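Structure record follows, encoded as structure tokens.
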Amino acid sequence: MLKSTVFSASSSFFGSIAEWYQSSVICELLTYLEETYFSVSFETYLNCLVNFTADDFTSHYEAMRYSLLLGGKRLRPMLMEETYQMFGGNDSLIHPFMAAMEMIHTYSLIHDDLPCMDDDDLRRGRPSCHKKFGEATALLAGDGLLTLAFNMIAKADLQNNAKVKALNILSEKAGILGMIGGQELDIKNENNPL
């Protein structure tokens, strides 16, 4: 209840929500509040993570933001947070891991929509990343999200041995013996009846 009240007041105070999200000062404030008083919404947290400013790579950053913030159920991070809380966690330590999981999921959706895979024009009722930004940019945006996911864990406020273990598990599950292997099976059996 407190979160929704704070965000409603903040939204009207700062005007448009898009303007509010773009302010790095606001992102810093939200991070401070998250660490000190309450947990900001996961959507706001994700938005702050992909609030890039480098002009040289604008189209790639826009494609990453577009795809990551396109919406969805956020089931994977929600289950991760609930499991963390079930085992006694009650702080924001889990947030980089939740973000990493969502970034990897989004990267897989971007790549899955490409013409060389499932060739989908729409994702959640909106143009898929490659339709909006082009195939090359979509490919790089997916790669960027995958790399950023591992960077999130590497920078997490956790002991190094725990981060290495988390990175190992995540790379196995996202790799050839996990998600990528599943995609390969999907491609090989595309024209075979079940």
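The values are calculated or read from the model by the stated rules, or taken from the named source; none is laboratory data. The structure displayed is predicted, hence computed values, not measured ones. With ideal geometry, Cβ positions are generated from the backbone for all residues, glycine too; neighbour counts draw on all protein chains shown. Ligands, DNA and RNA are stripped out before the accessible areas are found, and what is left, the full protein with its side chains, is counted by its heavy atoms. Shrake-Rupley method; radii C 1.70, N 1.55, O 1.52, S 1.80 Å.
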(message) Residues that are over 15 Å from the mean Cα position of the chain (by Cα) and hydroxyl-bearing (Ser, Thr, Tyr): does the range 141-152 have at least one?
(response) no
(request) Kindly provide the set of residues from the range 125-138 that are open to solvent by 100 Å² or more (accessible area, probe 1.4 Å) and either on the phi > 0 side of the Ramachandran plot or in contact (Cβ under 8 Å) with a residue 24 or more places away in the chain (or both), ordered by number. (result) Arg126, Lys132
(message) When you scan the range 100-115, do you find a residue that is more than 22 Å from Phe150 (Cβ to Cβ), surrounded by fewer than 22 Cβ atoms within 10 Å (Cβ to Cβ) and more than 14 Å from the chain's Cα centre (by Cα), even just one?
(response) yes
(request) For the range 101-134, name all the residues that are within 19 Å of Leu46 (Cα to Cα) and of a type in the set (Phe, Trp, Tyr). (result) Tyr107
(request) Tally the residues that are polar (S, T, N, Q), free of Cβ contacts under 8 Å to residues at least 12 places away in the same chain and open to solvent by less than 90 Å² (accessible area, probe 1.4 Å), restricting the search to the range 160-172. (result) 1
(request) Restricting attention to helices (runs of 4 or more DSSP H) lying wholly within the range 115-194, give those where 1 or more residues are within 23 Å of Phe97 (Cα to Cα) and at pLDDT 95 or above. (result) 135-154, 160-174
(request) With a cut-off of at least 3 residues that are open to solvent by 50 Å² or more (accessible area, probe 1.4 Å) and at pLDDT 50 or above, name the helices (runs of 4 or more DSSP H) lying wholly within the range 2-93. (result) 24-36, 58-68, 75-86
(request) Quick one: Asp157 ticks every box in (1) free of Cβ contacts under 8 Å to residues at least 12 places away in the same chain; (2) open to solvent by 60 Å² or more (accessible area, probe 1.4 Å); (3) on the phi < 0 side of the Ramachandran plot except a single one, so which number is it? (result) (1)
(request) Considering every residue within the range 106-115, establish whether at least one is free of Cβ contacts under 8 Å to residues at least 60 places away in the same chain and closer than 26 Å to Asp157 by Cα. (result) yes
(message) Given the criteria modelled with pLDDT of 95 or more and assigned to a helix (DSSP H, G or I), does Met98 qualify?
(response) no
